[in-house]
Amino acid sequence: MRAGGKGLNLTRASYVFHLDPWWNPAVENQASDRAHRIGQTATVTVTRLLMRHTVEEKMMLLKEKKTRLYKALLEEGRGEGASISREDFDFLIGD
């Protein structure tokens, strides 16, 4: 993930595979965007591999919730609190 976000331009790549999710969705987006640079002529396919019932699956659900919160706060002008709650933390590490 880190190599994909550090100035690496992959204009000949047509497939991007995310094997481990990152806490910050912008880091993943930046890594995917490295294959969408000027000069890219092929269609780029981004694939994320996740196993069910893992902390990574829970991370993805938590990121979806954070994205909804971000949109509510910054794009729609409403918000329900800008922090991760204890329930969010328990969800991530619990059953």
For H18, other-chain or 5+-apart residues with amide H closer than 5 Å (H placed, Pro excluded) are T47, R48, L49
In order over the stretch 22-37: 3J(HN,Hα) from phi, Karplus 6.51/-1.76/1.60, θ = phi - 60°, whole Hz, x for each Gly or Pro, gives 10, 4, 9, x, 5, 5, 5, 4, 5, 5, 5, 5, 4, 8, 9, 7
Expected vector for the stretch 43-55, Karplus 3J(HN,Hα) from phi with 6.51, -1.76, 1.60 and θ = phi - 60°, integer Hz, x for Gly and Pro, equals 6, 9, 10, 10, 10, 10, 9, 9, 9, 6, 6, 10, 5
Any residue on another chain or 5+ positions along whose placed amide H is under 5 Å from the amide H of A35 is listed here as L10
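No lab work stands behind these numbers, since they all come straight from the coordinates. From a predicted model like this one, the values you see are computed outputs, not experimental measurements.
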